[in-house]
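Let me begin by presenting the structure, written as structure tokens, before commenting on it.
The values are calculated or read from the model by the stated rules, or taken from the named source; none is laboratory data. Every value quoted in this text rests on a predicted model; they were computed, and no experiment measured them. Cβ: placed from backbone, ideal geometry, glycine included. Neighbour counts: every protein chain shown. When the accessible area is computed, the model is the full protein with side chains, heavy atoms only, and any ligands, DNA or RNA have been set aside. Shrake-Rupley method; radii C 1.70, N 1.55, O 1.52, S 1.80 Å.
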Amino acid sequence: SDLDSEKIDLDYFSILSQEVLEEAFRTDKSKYHWLKNGLKTYFEIQYLRSFYQERLLIGDGLDWKILGMRPLRWMNVSNIKLIHRYGAAYLYAMNENTDQAIGTKFDELETDNQVSISQFKMGALLDFIAEKEGRAKFEKFLKDCILEHHGKEIKGDDFLGKLEKYFGESSIFIREYVKEKQRVDFRLKSMHHIDNEHYEIKISKNTPLNIPFHLAVEDEESRVQNIWLNTQKDKSENVYQLKLVHPKKLTLNPNFSFPEINYRNNFLQKRWFGFYKKIKFKLLTDLPNPEFNEIYIRPDVRYNVYDDVLVGVSFSNRSLISRPFTYIITPYMSIGARKPMGA
């Protein structure tokens, strides 16, 4: 089947990538496991981008039926692309608080983190720099670095030093990022019209590291302008004045482009009274769509001897990925007492 062929193709590419890197240079696997593992994931991301750009994560599961219906088509999980599996994996690990620092020794990593952190998270960081600086420039850097150390040992610290020298502010944060467990969270705070086509945008971050970010601005004709900006070290809020033409939606670090713990505050959309997030009601618990403030609705029926039958509806923000704050509100109507109840 197509699904089997796809799996074989991706498995072979992963194996070949690993073998090429093993032959290219040597490194201390225990201490610098993230170097080869991160590069392998970087190559996998480029391969998916070239040949599986539109492939969905759930594959043919989109057409799975129950009672003649296709429920997955109603869920946000059906919109997640295969290329975003890396971002979804490390986001889940961070929200479950099971992740570790990238620089943790390999034999001290939990089994899942040997993949989600050592491979996926590090690969995403390399892809982030490549996206900002240009893939041709980044791949020239990789080629020069590998040729210089071909058949020799390279230390992770030396690789990071070359990265910093080559890309400057775009990569200087990575050295500290690798050392410690990170909980980076960017927030798109506000956007205000100044004059003509100029807008003031406020971005906050919860880290002193001067990490750059990607801002995607969609206009009223659905054209997307991609803007890369730097943040200042030790400054939690940064203000930018940008020239934009009829902006409709702003997305900060789209498609898991940077490993944040929270993407729910990375969206603003133009409405009647300014830019803010829409509320969306859903019946099925789902992977969260950070573009909306999602509220999940579930009918509930209970019985007790005091109130007779209780019919209610619960409203909750609990999704398939944990979040720092959750709530459940369930108002009930007592059939026997004929009055509203609370829970």
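Structure notes:
- Condition broken by ILE227, with the remaining ones in (1) touching a Ser or Thr at 6+ places or on another chain (Cβ under 8 Å); (2) surrounded by 13 or more Cβ atoms within 10 Å (Cβ to Cβ) satisfied: (1)
- Scope the range 179-205; condition within 30 Å of THR104 (Cα to Cα) and part of a loop (DSSP other than H, G, I, E, B); matching residues: GLU180, LYS181, GLN182, ARG183, VAL184, ASP185
- Any hit, the range 166-178, residues being polar (S, T, N, Q) and either part of a strand (DSSP E or B) or out of contact with any Asp or Glu (no Cβ under 8 Å at 6 or more places or on another chain) (or both): no
- Out of ASN255, ASN265, ASN289, one residue alone is outside any strand (DSSP E or B) and at pLDDT below 75. It is ASN289.
- Condition met for ILE174 (modelled with pLDDT under 95, more than 30 Å from GLU6 (Cβ to Cβ), under 21 Å from the mean Cα position of the chain (by Cα) and not acidic (Asp, Glu)): yes
- Residues in the range 108-137 that are in a loop (DSSP other than H, G, I, E, B) and either under 18 Å from TYR166 (Cβ atoms) or open to solvent by less than 30 Å² (accessible area, probe 1.4 Å) (or both): 2 in all.
- Hits in the range 157-177 - residues which are surrounded by fewer than 17 Cβ atoms within 10 Å (Cβ to Cβ) and not charged (D, E, K, R): GLY161, GLY168
- Scanning the range 185-210 for residues that are of a type in the set (Val, Ile, Thr) and touching a strand residue (DSSP E or B) at 6+ places or on another chain (Cβ under 7 Å) yields ILE194, ILE201, ILE203.
- Residues that are of a type in the set (Ser, Thr, Tyr) and within 24 Å of GLY134 (Cα to Cα), drawn from the range 170-194: SER170, SER171, TYR177
- The residue of the range 1-34 that is nearest to the chain's Cα centre (by Cα), among those that are among the hydrophobic types (A, V, I, L, M, F, W, C) and surrounded by 12 or more Cβ atoms within 10 Å (Cβ to Cβ), is TRP34.
- Test: residue in the range 138-148 that is surrounded by 21 or more Cβ atoms within 10 Å (Cβ to Cβ), at pLDDT 95 or above and of a type outside the set (Val, Ile, Thr): yes
- Selection from the range 292-343 of residues that are open to solvent by less than 40 Å² (accessible area, probe 1.4 Å), modelled with pLDDT of 70 or more, within 30 Å of LYS81 (Cα to Cα) and part of a loop (DSSP other than H, G, I, E, B): ASN317, SER319
- Test: residue in the range 209-217 that is modelled with pLDDT of 80 or more, at negative phi, small (Gly, Ala, Ser) and open to solvent by less than 20 Å² (accessible area, probe 1.4 Å): yes
- Qualifying position, being touching a Lys or Arg at 6+ places or on another chain (Cβ under 8 Å), small (Gly, Ala, Ser) and farther than 22 Å from PRO254 by Cα, among GLY168, GLY156: GLY156
- Filter pass, ILE154 being surrounded by 17 or more Cβ atoms within 10 Å (Cβ to Cβ) and touching an Asp or Glu at 6+ places or on another chain (Cβ under 7 Å): no
- Picking from residues in the range 243-252 that are in a loop (DSSP other than H, G, I, E, B) and hydrophobic (A, V, I, L, M, F, W, C), the one that is surrounded by the most Cβ atoms within 10 Å (Cβ to Cβ) is LEU244.
- Residue within the range 126-133 that is without any contact (Cβ under 8 Å) to a residue 60 or more places away in the chain and of a type in the set (A, V, I, L, M, F, W, C) present: yes
- Residue in the range 88-96 that is open to solvent by 10 Å² or more (accessible area, probe 1.4 Å) and small (Gly, Ala, Ser) present: yes
- Tallying residues that are more than 16 Å from LYS132 (Cβ to Cβ) and part of a loop (DSSP other than H, G, I, E, B) within the range 206-242 yields 12.
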